[in-house]
Each structure stands twice: as C-alpha cells, then as structure tokens.
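Structure, as structure tokens:
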Amino acid sequence: MTRDIGTLTAEGDGTMCRMPMGLDILITHGASARLPGQWPTQADRLVARGGGEYLFVGVRGAAPGAPGTQQAREVLLEPGDICFYAADRPPVLDVPGTARLKVFLVPREALGLQELDVHRVMAAPVGRSSRLGALLSPFLSELADTVTSSRPSVGEMLAWNAVNLLATLATDQLGRDGAGTPVAVSPMLARIRTFIDLHLADPDLSPDRIAGAHHISVRYLHKLFQDEGTTVGRWIQRRRLEECRRDLMHRVRGRQTIAAVAGRWGFLSATHFSRVFRAAYGMSPSEWRDTAGRGVGSRLR
C-alpha cells in the first residue's frame, strides 16, 4: 500500500513512484483499489467491463466548481482505456479483482490546461481502440512499468515523455464533444491557426495582419474565434505560453534566460510574460523551470 497523506491514497498492494515535473505514477490492482485524490460526497462511477489493465490520469488543480462535474455519471470502461479525472473529486471504481490500474497524477499546469478545461477532457475516456488510444495506451502502460526500475537520469527523461504524451491526449480531448466525437473545425479556422503557429515569434502578429493574409475582414476573424469560445488575442497568447513552457522544460539545463525564451516567442516584456504565465499556470516561469528540472524522488512501497 502506498500513502502520501493528503494527496495519494491506495488500497491493496500497490507501488507509487514520484517523478520530476510533479508527476506521480501509481500501479495497483484488486477489487478494493481506489483512485488517488480527496473523496467528495458525490462522484462519478467508473465500471470496468472485465479484467485487464486500465489507465487513469488524475489532474491536480482543477476548478472546484467546474461545469459538468456536479451530476454524478456512470462510465463504462474497456481494458486499455485511458480515463482523465479530477484528482480533487476522483470517481468511484467498480473493477474486478483481476483488474490492474496504472494511474498518472499530474498538475493541470503541466498539461497546459486552464482550470475549466479539466471537465472537458473528462467528458469521455480515450478508447483503446481509437487511433490515439491504440498508439499511446500500450506505450504509457510500458512506461509506467519501466520507471519503477529505472536509473534517476532515465526516469527523468521518461517523466518528460509521459507528461508530453498526456498533454497530447488532453489537447486531443479538448477537440471532442461529450460523446468522444471529434468536433469539426472550419477549414478557414484551421488555416488561420496554422498561420498563427508559424508566426508566433513575430511580436507584430495582430488581427489585422492575420485577416489580411487570409483575405477576410477583421470582424469575420473575430467571429471565427468567438464561435470557439475565445478571442484572437487569447489564442495567440495561449499558444505563445505553451511554446515558452515547453522551452523552459527542455532547456532546463541550458543557460538561456527566461527573458530570452519569452522574446523568442513574441513577448516584448519579460515582466508581462511572467505575469500572464503565472495567471495561466499558477506559478512563475522560474518556478516551472525549476519544477521541470527536479530529479527523480524516492520510490515508496
């Protein structure tokens, strides 16, 4: 049994490995298994359809009152499925004794999620039979087994890979509806997003320039993003912050300053960058860089 008071709880035999970047990996099994987190009075119920292996991603730092989490649901799972859940309100498990659980606990900020994004990634599990599930489910499963016996330097790289893969899954889930069906994006909006990604480093990137490059009015440009629940400016800032966050993680051993990273992705003011980074991820750029660079901690049994 593994226990980290106030954060992790596991019933039955289990192994927890604490990794860099705030990632914890728990492997447990048995009908008495519980997902790590604080237990609410009302929770979703996850029902496993048979024995086998199930993967869970517990997101720490979700908004307490996020929409779509007040009414309890029952979700059926197949072996190999990957299911996101909010770690402060973990679902109840109904699994047979032959089931094996692999749980990845990761801060919301490390996945690049806003607080109210969490309920959207929880909307439906990533099926083992889906395109992305077929690719990542066996990889994440093997990764969870490998980290418990890896050298610290190898474990650190595995943690980076795991968080990046989980962030990819989260991004894919944000583009799906409550039934797990991909939400269509208009061809024009898709081209505009690609254009923005190619010009993020340009501090002069603006709605006027984007609209002109696509031969549409600025008003129509704003409407495209409004229909997606955001604005042009917010989308550009979000994408710049995501790239800065990745740079700070992968360049943790380098000598590039935070101001240089910010400037590379179009932020003219380091002070402004630090302020919006903290607002988005709940920590300063330097805190994120230091967190990403921590070595593998202790393994508990």
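A few notes on this one:
Results for (1) in contact with a Lys or Arg (Cβ under 9 Å, 6 or more places away or on another chain); (2) closer than 28 Å to G50 by Cα, shown as yes or no for each residue.
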residue	(1), (2)
E78	yes, yes
A86	yes, yes
V95	no, yes
L111	no, no
A124	yes, yes
R131	no, yes
L135	no, yes
S141	yes, yes
P152	no, no
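- Residue-level analysis places V59 among those that are out of contact with any Ser or Thr (no Cβ under 6 Å at 6 or more places or on another chain), within 30 Å of V276 (Cα to Cα), of a type in the set (V, I, T) and at pLDDT 90 or above.
- Of all the criteria given as (1) surrounded by 14 or more Cβ atoms within 10 Å (Cβ to Cβ); (2) closer than 18 Å to L174 by Cα, the one not satisfied by R234 is (1).
- Cross-chain or 6+ apart pairs with Cβ under 9 Å, the range 189-202 first and free of Cβ contacts under 8 Å to residues at least 60 places away in the same chain and farther than 17 Å from V218 by Cβ, then charged (D, E, K, R) and part of a helix (DSSP H, G or I): D197/R239; D197/E243
- Single residue of the range 71-95 satisfying the filter (surrounded by 18 or more Cβ atoms within 10 Å (Cβ to Cβ) and aliphatic (A, V, I, L, M)) that is nearest to T168 (Cα to Cα): I82
- Candidate set from the range 204-224 (those that are in contact (Cβ under 8 Å) with a residue 12 or more places away in the chain and either open to solvent by 60 Å² or more (accessible area, probe 1.4 Å) or outside any loop (DSSP other than H, G, I, E, B) (or both)); member that is farthest from E242 (Cα to Cα): A213
For every residue, the table says whether it meets (1) open to solvent by 50 Å² or more (accessible area, probe 1.4 Å); (2) farther than 14 Å from A167 by Cα.
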position: R45; (1), (2): yes, yes
position: G51; (1), (2): no, yes
position: V103; (1), (2): no, yes
position: V106; (1), (2): no, no
position: V118; (1), (2): no, no
position: A123; (1), (2): no, yes
position: R128; (1), (2): yes, yes
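- Residues within the range 77-120 that are within 17 Å of the chain's Cα centre (by Cα) and assigned to a loop (DSSP other than H, G, I, E, B), tallied: 8
- Of all residues in the range 130-172, those that are part of a helix (DSSP H, G or I), open to solvent by 30 Å² or more (accessible area, probe 1.4 Å) and among the polar types (S, T, N, Q) total 6.
- Those residues of the range 243-281 which are within 20 Å of the chain's Cα centre (by Cα), open to solvent by 30 Å² or more (accessible area, probe 1.4 Å) and modelled with pLDDT of 80 or more, in sequence order: E243, R246, R278, A279
- From G112, G127, G80, G97, residue being modelled with pLDDT under 85 and in contact with a helix residue (DSSP H, G or I) (Cβ under 7 Å, 6 or more places away or on another chain): G112
- Enumeration of residues in the range 7-56 that are modelled with pLDDT under 70 and of a type in the set (S, T, N, Q): T7, T9, S32, Q38, T41, Q42
The values are calculated or read from the model by the stated rules, or taken from the named source; none is laboratory data. Quick caveat, the model's predicted, so the values are computed rather than measured. Heads up, the Cβs are rebuilt from the backbone with ideal geometry, glycines too, and the neighbour counts pull from every protein chain shown. Accessible surface areas use protein heavy atoms only, side chains included; no ligands, DNA or RNA. Shrake-Rupley method; radii C 1.70, N 1.55, O 1.52, S 1.80 Å.
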